[in-house]
1. On the given criteria, is Thr102 surrounded by 15 or more Cβ atoms within 10 Å (Cβ to Cβ), over 20 Å from Gln36 (Cα atoms) and modelled with pLDDT of 95 or more?
2. Hey, can you tell me all the residues within the stretch 6-38 that are part of a helix (DSSP H, G or I), in contact (Cβ under 8 Å) with a residue 60 or more places away in the chain and touching a strand residue (DSSP E or B) at 6+ places or on another chain (Cβ under 6 Å)?
3. Applying the selection to the stretch 35-69, what residues are among the aliphatic types (A, V, I, L, M) and under 20 Å from Pro7 (Cα atoms)?
4. What's the number of the condition Ala76 fails, among (1) outside any helix (DSSP H, G or I); (2) surrounded by 14 or more Cβ atoms within 10 Å (Cβ to Cβ); (3) among the small types (Gly, Ala, Ser)?
5. Is there a residue in the stretch 57-76 that is over 30 Å from Arg150 (Cα atoms) and either in contact (Cβ under 8 Å) with a residue 40 or more places away in the chain or not hydroxyl-bearing (Ser, Thr, Tyr) (or both)?
6. Being among the polar types (S, T, N, Q), out of contact with any strand residue (DSSP E or B) (no Cβ under 9 Å at 6 or more places or on another chain) and surrounded by fewer than 18 Cβ atoms within 10 Å (Cβ to Cβ): is that true of Thr65 here?
7. Taking the condition closer than 30 Å to Arg142 by Cβ, without any contact (Cβ under 8 Å) to a residue 24 or more places away in the chain and not assigned by TED's automatic domain parsing to the domain that holds His148, does Arg53 pass?
8. Looking at Thr91, Thr107, which is the one that is crowded, with 19+ Cβ neighbours inside 10 Å and either more than 26 Å from the chain's Cα centre (by Cα) or of a type in the set (Val, Ile, Thr) (or both)?
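The values are calculated or read from the model by the stated rules, or taken from the named source; none is laboratory data. Source: prediction; values computed, not measured. Virtual Cβ from ideal backbone geometry, glycine too; neighbours counted across all protein chains shown.
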Amino acid sequence: MSPSSNPLFAEQSLTLVAALFGDGQQAAMAAERLRQTQADVDIVQPNDKQWMRKLEPEGRAIRQTAFRSHAVLMAAGFALGVLLSFLLINTWAAAAASPWMTGIAVTLIVTLVGGIVAGLLTLRPDRSAVAMQVKAGLSEGRWAVVAHPRDEAAAAQASEMLRHAGGNVLRSL
């Protein structure tokens with residue numbers, strides 16, 4: 001699914017592909033080859049003060065994703081909670097004995113679960129793992145080439161090109 005067709009995400013690139021290289025010349029050559037097929041490619045050198053901005057350039061879009069995902073998933077959780085409450089009250093005697101408490105408790109819990117899922121989508125632990133590995137490589141004096149592909153085919157192509165160029169490829173989901 002492309003980012004523009006997914007109502008939860010505002011980012012243009014949902015996948016992060018990076019590769020660590022031993023020197024700047026090797027990284028520059030890999031980046032130049034990759035730029036022939038990918039629009040958004042950056043080189044991150046050791047001690048680069050802007051390294052995180054190069055890995056996550058869509059700060060505003062991430063905030064929009066946080067808002068969208070929470071609005072959509074919490075609303076869906078609320079609707080599902082109301083439906084589940086109705087089913088419980090009509091099929092379980094204990095829930096029927098206290099329908100208001102059942103409805104409030106179940107709806108609240110399912111709504112909060114929607115919020116937690118939205119938070120995980122916003123935090124993107126898969127991208128954080130790549131960022132931590134890049135940071136570790138940079139602290140060891142390695143160089144990184146970072147690509148922000150727009151779809152799965154471009155992500156697979158970027159991974160293969162960086163691997164072929166001799167990089168240690170790191171990729172988010």
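1. Values: surrounded by 15 or more Cβ atoms within 10 Å (Cβ to Cβ): yes; over 20 Å from Gln36 (Cα atoms): yes; modelled with pLDDT of 95 or more: yes.
Criteria met by Thr102.
2. Gly24, Ala27, Ala30, Ala31, Leu34
3. The answer is Ala61, Ile62, Ala66.
4. (1)
5. Taking the stretch 57-76 as the starting set, the residues that turn out to be over 30 Å from Arg150 (Cα atoms) are none.
Looking for residues that are over 30 Å from Arg150 (Cα atoms) and either in contact (Cβ under 8 Å) with a residue 40 or more places away in the chain or not hydroxyl-bearing (Ser, Thr, Tyr) (or both), one finds none in the stretch 57-76, hence no.
6. Working: among the polar types (S, T, N, Q): yes; out of contact with any strand residue (DSSP E or B) (no Cβ under 9 Å at 6 or more places or on another chain): yes; surrounded by fewer than 18 Cβ atoms within 10 Å (Cβ to Cβ): no.
The answer is no for Thr65.
7. Numbers: closer than 30 Å to Arg142 by Cβ: yes; without any contact (Cβ under 8 Å) to a residue 24 or more places away in the chain: yes; not assigned by TED's automatic domain parsing to the domain that holds His148: yes.
Yes, satisfied.
8. On the way: Thr91 fails: crowded, with 19+ Cβ neighbours inside 10 Å.
Checking each option against the conditions leaves just Thr107.
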